[in-house]
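I have placed the structure first, in the form of structure tokens, so that the comments after it can refer back to it.
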Amino acid sequence: MRLDGRRVLITGAGRGLGRACAAGLAEAGAKVVLVSRSADELEAAVERIRAAGGCAVARTCDVTHGGEVAELFANERIDVLLCNAGTNEPGSFVEVTEDRIDRMLGLNVKASFTVAQAAARQLIADGRPGAILFMSSQMGHVGDANRTVYCATKHAIEGLTRAMAVELGPHGIRVASIAPTYIRTPLTAPFFEDEAFASDVRSRIPLGRVGEVEDVVGAVVFLASPAAALITGTSLLVDGGWTAH
């Protein structure tokens, strides 16, 4: 489970799951590259990791811009990618606007694809094995009301994971996804202000609680590490049993 000497790049690393995973990967010995659009958030996250004895650098990048992604990978050599940047804008299916579809597909799917593609190209060109991980969701395995676009994007990530694993396996590149249940983050915090919603979510998780960012970190470190050397083309559900129904 150690990652000493390995360089791991994490997108969406300024807050929430990305920030927690970056800290956990650094604690496991990785040199972490934190990527986000917000320089202030990145610097705060990097300072915190360094204060704990980890090795971290910040790289400001909008992953929805292909030119910025190309520049990022031209200057960073990596062993592992955690594609974590994503968003969700819940809403009734019949009321979803084209702008909302474009935003969510653009970040959750297109940006994940292009960032992973850049990482794979680099690893193949260098002749090095590696791992590409996607932060998916339990909603990539089931459906739910008011989350049609989000479900569509995460089902796309699950399909991408499998197809990439088949194609990149001969290059020694593993591809896997992590699929959490509802996790308390700055993105989901407004949802839980509605007690009816929060109660419904808890009732659908057999373990009886909403996830915390720390619940996901172990799964990410495991999949990034040599301990997962024969794991590819699959999804690790961290859902408290949601999808077991």
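The values are calculated or read from the model by the stated rules, or taken from the named source; none is laboratory data. Since the model is a prediction, treat every value here as computed from it, not as a measurement. So basically every Cβ, Gly included, is an ideal-geometry build from the backbone, and we count neighbours across all protein chains shown.
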Check your understanding: Looking only at residues in the stretch 179-235 that are among the hydrophobic types (A, V, I, L, M, F, W, C) and part of a strand (DSSP E or B), which one is farthest from Gly130 (Cα to Cα)?
Key -> Ile183
Review point. Based on what the data block shows, is Leu133 buried (at least 22 other Cβ atoms within 10 Å of the Cβ) and either over 22 Å from Val217 (Cβ atoms) or out of contact with any Asp or Glu (no Cβ under 8 Å at 6 or more places or on another chain) (or both)?
Key: yes
Study note, to complete from the structure: For the stretch 102-129, pairs from a residue that is surrounded by 15 or more Cβ atoms within 10 Å (Cβ to Cβ) to a residue that is modelled with pLDDT under 95 and part of a helix (DSSP H, G or I), with Cβ under 8 Å and 6 or more apart or across chains, are none
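Any residue that is at pLDDT 95 or above, of a type in the set (A, V, I, L, M) and over 25 Å from Arg19 (Cα atoms) - is there at least one of those in the stretch 215-236?
yes
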Check your understanding: Are any of the residues in the stretch 182-193 more than 20 Å from the chain's Cα centre (by Cα) and either at pLDDT 95 or above or among the acidic types (Asp, Glu) (or both)?
Key -> yes
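This table checks each residue for (1) at pLDDT 95 or above; (2) closer than 16 Å to Ile132 by Cα; (3) assigned to a loop (DSSP other than H, G, I, E, B).
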position	(1), (2), (3)
Ile10	yes, yes, no
Ala22	yes, yes, no
Leu25	yes, yes, no
Gly29	yes, no, yes
Val33	yes, yes, no
Arg59	yes, no, no
Asp62	yes, no, yes
Check your understanding: If you check every pair at least six apart or on different chains, which have Cβ atoms under 7 Å apart with a residue in the stretch 219-245 that is at negative phi and acidic (Asp, Glu) first and a residue that is buried (at least 18 other Cβ atoms within 10 Å of the Cβ) and at pLDDT 95 or above second?
Key -> Asp239/Gln138; Asp239/Ala179; Asp239/Pro180; Asp239/Thr181
Exercise for review: Within the stretch 157-173, identify whether any single residue is in a strand (DSSP E or B), out of contact with any Phe, Trp or Tyr (no Cβ under 8 Å at 6 or more places or on another chain), at pLDDT 95 or above and not polar (S, T, N, Q), and answer yes or no.
Suggested key: yes
Review point. Within the set of pairs 6 or more residues apart or between chains, which connect a residue that is without any contact (Cβ under 8 Å) to a residue 24 or more places away in the chain inside the stretch 149-166 to a residue that is crowded, with 18+ Cβ neighbours inside 10 Å with Cβ atoms less than 6 Å apart?
Key: Cys151/Met139; His155/Gly140
Exercise for review: Working only within the stretch 189-208, note down all residues that are in contact (Cβ under 8 Å) with a residue 12 or more places away in the chain and closer than 20 Å to Asn88 by Cβ.
Suggested key: Phe191, Phe192, Ala198, Val201, Arg204, Ile205
Review point. Which pairs have Cβ atoms under 6 Å, sit 6 or more apart or on different chains, and link a residue in the stretch 47-68 that is within 20 Å of Leu107 (Cβ to Cβ) to one that is small (Gly, Ala, Ser)?
Key: Thr60/Ala39; Val63/Ala85; Val63/Ala111; Thr64/Gly106; Thr64/Ala111
Point to revise | Restricting the stretch 176-227 to residues that are surrounded by 12 or more Cβ atoms within 10 Å (Cβ to Cβ) and of a type in the set (Ser, Thr, Tyr), the residue that is nearest to Leu3 (Cα to Cα) | key: Ser225
